[in-house]
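Comments concern the structure below.
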Amino acid sequence: MSLSGKIAVVTGGSRGIGRAICQRLAALGATVIVNYVSNPAAAEETVASIQNAGGKAEAVQFNVATSEEIEAAFKKILDAHGRVDILVNNAGITRDGLLMKMKDEQWDEVLNTNLKGVFLCTKAVSRGMMKQRWGRIINITSVIGFAGNAGQANYAAAKAGIVGFTKSVAKELASRGITVNGVAPGYIVTDMTKDLSEEVTNTIKNEIPMGVLGEAEDIAGAVAYLASDDARYVTGQFIHVNGGMFM
Ligand code: NDP
């Protein structure tokens, strides 16, 4: 499996799952654009880890929820590299709360980052991918988008939205050699899950047949497969990486 010569953009590549995806794609030969929004030090750490391993990467700041920033950033990326071959829409946030107490801002922030961001970045790369008749778009959804979760109506709605979006765009772009797929992680050890109490973590573990939380690298492996030529006949699909938690 080689991604040599490919240009990949990974949103939210500075930390957690995104960082592992950046490292994996770079290890397979891709030049990786590591996006972040507010944490340049973490993004530079990702870039340095890739360069130290002999790979190619650079950090680019933009907010996936802001169309002007995306337009400007993708113009720069295209000017510098000529094209984008692989887009991984990974950036995501949580603003949890029970429905009765959920504020408009909690809803809007999560929907804008987790769903509108996927739309905006996908749109930004699709014209070039159509012209070159090759592209891989991989959207990171969640087990919560399929199963729901009390206290995460906003997050579940955004992640389920990604599912419908992925299937629709897969149908639109299939004839142009572009595949659009998703990976649905279960509970993965990252900053996003580090503040869960021991009690909640134990409850979650009890729901996972494999009995442990996943690692960011587990998600990176599924993304690498979908980005590769081995997955050329796979589109509109989701790989569930969750230790058996949801089948
Ligand atoms: P982390 O909280 O560890 O990292 C989030 C990443 O997203 C950071 O790189 C952050 O950048 C970036 N980001 C956040 N908001 C924006 C924005 N507006 N524009 C650009 N980048 C942004 O998250 P995880 O690694 O845990 O999660 C990655 C993805 O996987 C998310 O989509 C999440 O919903 C999904 N997921 C995670 C699961 C888990 O258990 N961890 C389970 C299921 C799905 P910065 O460093 O600059 O803040």
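We did not get these values from a lab; they are worked out from the coordinates using the rules stated. This structure is a prediction, so every number in the text was calculated from the model and none was measured. Methodologically, a virtual Cβ is constructed for each residue, glycine included, from the backbone with ideal geometry; neighbour enumeration extends over all protein chains shown.
The packing ranking, built from the mean of other Cβ atoms within 10 Å per residue, places the peptides 146-159, 2-15 in the order 2-15, 146-159, highest first.
Under a Cβ-Cβ cut-off of 15 Å, what is the net charge of the residues other than Gly243 that fall near it, where Lys and Arg count +1 and Asp and Glu count -1? Summing Lys/Arg as +1 and Asp/Glu as -1 gives -3.
Dividing the convex hull volume of the alpha-carbon atoms in region 91-205 by its residue count gives 108 Å³ per residue. For region 1-103, the dipole from Cβ point charges (+1 on Lys and Arg, -1 on Asp and Glu) about the Cα centre works out to 280 debye, to the nearest 20. Under 5 Å from the amide H of Val60 lie the amide H atoms of Val34, Asn35, Tyr36, each residue being 5 or more positions distant or on a separate chain, with H modelled from the backbone and absent for Pro and chain starts.
Remark: the chain carries a charge dipole of roughly 1000 debye about the Cα centre, counting +1 on each Lys and Arg Cβ and -1 on each Asp and Glu Cβ. Short to long, the 10 Å bins of the Cα pair-distance histogram for the chain hold 8, 33, 39, 18, 3, 0 percent of all pairs.
Protection proxy ranking, highest mean first, for peptides 224-230, 202-208: 224-230, 202-208, where packing is the per-residue count of other beta-carbon atoms within 10 Å, averaged.
Which whole number of Å³ per residue matches the convex hull of the alpha-carbon atoms in region 169-218?
Given the Cα convex hull of region 169-218, per-residue volume reads 119 Å³.
For region 177-193 and region 64-135, compute the distance between their C-alpha centroids and round to whole Å. Using only Cα atoms, the two centres lie 15 Å from each other.
If the segment from Ser67 to Gln132 were pulled out straight at 0.36 nm per residue, it would be longer than the present Cα-Cα gap by 21.0 nm.
For the ranges 114-122, 175-183, what's the packing order if you count other beta-carbon atoms within 10 Å of each residue, average per peptide, and put the highest first?
Going from most to least packed, we get 114-122, 175-183.
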